[in-house]
Amino acid sequence: MMDGFLKRFEHVLDPFEDQGDPASREDGANGVNRIGHLEPLPDTANAFIWHFAKQAKWPLIGLLVIGGLTGLIEAVMFTGVGWLIDAMESTEPSQLLAEHFWLIASLFFVTLIGRALVLFAGSVLEEQMIAPSFFNRIRWQSYRRVIEQSYTFFQNDFAGRLAQKVQQGGQATGDFVITILQTFWSFVTFVILTATILGAIDWRMTAVLALWSLGYVWIIRNILPQIRILGRERANANSVWTGRVVDSFTNILSVKLFDSTRKEDAFVKNGFANYVEAVRRLCRALTTIRTAIAVLNGLMMTGVGWVAVIGWQAGSISTGGVAAALGLVLRLNQMSGWMMFNINGLVRNYGTIQDAVATISPRPTLVDKPDAAVLSVRKGGVSFEDITFHYGKGSGIIEHFNLTIRPGEKVGLVGRSGAGKTTLVNLLLRLYDVESGRITIDGQNISAVTQASLRAAIGVVTQDTGLLHRSIRENIAYGRSDVSDAEIYEAARRANAASFIPTLRDPKGNAGYKATVGERGIKLSGGQRQRIAIARVLFKDAPILILDEATSALDSEVEAAIQENLNVMMQGKTVIAIAHRLSTIASLDRLIVIDEGRIVEEGRHQDLIGKDGLYAQLWRRQSGGFLGELAAEAAQ
Ligand SMILES: Nc1ncnc2c1ncn2[C@@H]1O[C@H](COP(=O)(O)OP(=O)(O)OP(=O)(O)O)[C@@H](O)[C@H]1O
């Protein structure tokens, strides 16, 4: 029953709310999916916190009210104890209830019902309304912006680090807001009320409290920052030694082959020793701050106690007043240590938000135009028109490159390693924007159409296609939803993968097409992975095909078996193939020989052999094998 009741509050905030849901990125029935049109998230920590706080305005205002009430109830309870003692002192025991009914009833109500209600409301606000929805809304909105970033963005960072920023950004922002509105605010309310109540008993007590507050602020401003610095040093030392361990574990084969475990031990121990030293420094500072607070609180309690006793002796303070004052300061003593811990958490969370914002908030650099149309491929003609591109380096790579590929033509890109072949196909896929010139497909500039429609029109098999940590079936059908088993089997058969897939079994016992691939799943050989990638592209059936070393990981037998299916797959499509093993592309309609980002020769295989240029040199060096270093030297 309680569960059902609490569930009602979970829907106050929708964790998946954003500027439109993912479906609304699509522009109605024609399904235009435009990248880069989500409002970026604010790029400073304050604005980021505020941006999300506004989205949860009412629950957070509720939290503020509850935070204040929590402080108030604490103060009322201690003051009530004072009133009760005074009432007891001045009344016959048998008359206590009759004479002080309202006082006792009120204390009873506040302690039993009011306090429980406030705590319950606070819990519901925090645990049901805010924690699951608010935290995760921040993560969801962050994730959606990060995934829209360019390929370069992901190449320049660690995937794990990016995921961590999305995860931690939500956690830190949520924790920060809750700590400020609930914990910090209830503490401040309690301190203000205590100061007021003590002032009503004896102004000197308030003076003691004021001095205590100054001391507390001094500690926060002077000692706490050192803790922060030492905490960061400890975190850095921690990542150094764990980084060393991860490096050794990742490269375990090298460690084992070179029998370097002892050396690794020493290397890791050295990092670990630095970490231990950093922990010790931090712990010394923690003891210092805890002692400082203990002394300060001791002074505050004895100060207020002293005033209470002399006031009582002088008759200006009642016994109940003494009890209330001592109760309040004892509680304050308890709260202040806990508050210091929270303030430290606040500062740490703020730093985490600053880090997360730097990763999450930059605008994506490669976006669709607001009016980007859907690419319409009628024939599949591709044209590189005077393009220049240097990976932002100023010069080199691709300079004023021109190439027109007729619809349905099959061209091979040939050249030494580093000549710029992969760069050209990446530009066609718009993984990077050209610096000048333009690339068109059937006359449409690829930068004027949506990236989604561009990439939907191109099937790519690369040397090392990454498979997602999902089932084989999901990997083959990746990007499509309504697919039948029969279609999947057919694609696998044509990619020559149907023979090995049924024999697979992952550690969880899933077999065949249901087996999971990836780090914790089954391990496939390079050739097996490549065949899955080919099945995926066969399945996609796009009008333009890019084969970048698509069969390099296969043995000649499997390659020959697939080649037939590849030839069938290539029918009616425009194909750009890259291969170092020239025999695999020699039969294509036209070979384009590239050197230092320029076309140096082009034509059919026989013509190029006849020309006795770079291609002929590369071909001679091959002797049926790969183009190696020798070929590169020979070609210079
Ligand atoms: N992300 C990148 N940032 C900067 N420079 C890059 C990047 N990727 C490639 N390059 C540089 O661009 C040049 C062309 O590389 P590219 O990968 O296009 O060559 P390639 O002809 O495909 O070579 P290979 O046959 O070895 O795959 C190389 O000099 C390479 O160092």
Options Ser239, Ser316: the member that is of a type in the set (Ser, Thr, Tyr) and either more than 28 Å from Leu332 (Cα to Cα) or part of a helix (DSSP H, G or I) (or both): Ser239
Matching residues in the range 606-624 - criterion: being surrounded by fewer than 19 Cβ atoms within 10 Å (Cβ to Cβ) and closer than 25 Å to Pro407 by Cα: Gln606, Asp607
Close pairs from the range 432-445: first in contact (Cβ under 8 Å) with a residue 40 or more places away in the chain, partner surrounded by fewer than 17 Cβ atoms within 10 Å (Cβ to Cβ) and among the basic types (Lys, Arg), Cβ under 6 Å, at least 6 apart: Asp442/Arg378; Asp442/Lys379
Matching residues, the range 490-523, being in a loop (DSSP other than H, G, I, E, B), under 32 Å from the mean Cα position of the chain (by Cα) and modelled with pLDDT of 85 or more: Asp506, Pro507, Lys508, Gly509, Asn510, Ala515
Residue in the range 394-406 that is surrounded by fewer than 17 Cβ atoms within 10 Å (Cβ to Cβ), touching a residue at least 12 places away in the same chain (Cβ under 8 Å) and under 35 Å from the mean Cα position of the chain (by Cα) present: yes
Matching residues in the range 477-509 - criterion: being closer than 20 Å to Asn565 by Cα and polar (S, T, N, Q): Asn496, Ser499
Members of the range 359-373 that are more than 16 Å from the ligand (Cβ to nearest atom), in contact (Cβ under 8 Å) with a residue 60 or more places away in the chain and out of contact with any strand residue (DSSP E or B) (no Cβ under 9 Å at 6 or more places or on another chain): Thr359, Ile360, Ser361, Pro362, Arg363, Pro364, Val367, Pro370
Any hit, the range 418-436, residues being within 30 Å of Ala616 (Cα to Cα), charged (D, E, K, R) and surrounded by 18 or more Cβ atoms within 10 Å (Cβ to Cβ): yes
Residue within the range 422-430 that is part of a loop (DSSP other than H, G, I, E, B) and either closer than 14 Å to Glu549 by Cα or within 12 Å of the ligand (Cβ to nearest atom) (or both) present: no
Single residue of Val268, Val276 found to be assigned by TED's automatic domain parsing to the domain that holds Gln334, surrounded by 15 or more Cβ atoms within 10 Å (Cβ to Cβ), over 19 Å from Met340 (Cβ atoms) and among the aliphatic types (A, V, I, L, M): Val268
Check on Ile317, within 26 Å of the chain's Cα centre (by Cα) and either more than 24 Å from Gln141 (Cβ to Cβ) or assigned by TED's automatic domain parsing to the domain that holds Met77 (or both): no
Test result for Val460, within 25 Å of Gly527 (Cβ to Cβ), within 16 Å of the ligand (Cβ to nearest atom) and not small (Gly, Ala, Ser): yes
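The values are calculated or read from the model by the stated rules, or taken from the named source; none is laboratory data. This structure is a prediction, so every number in the text was calculated from the model and none was measured. All Cβ positions, even for glycine, are placed from backbone atoms using ideal geometry, and neighbour counts span all protein chains on display.
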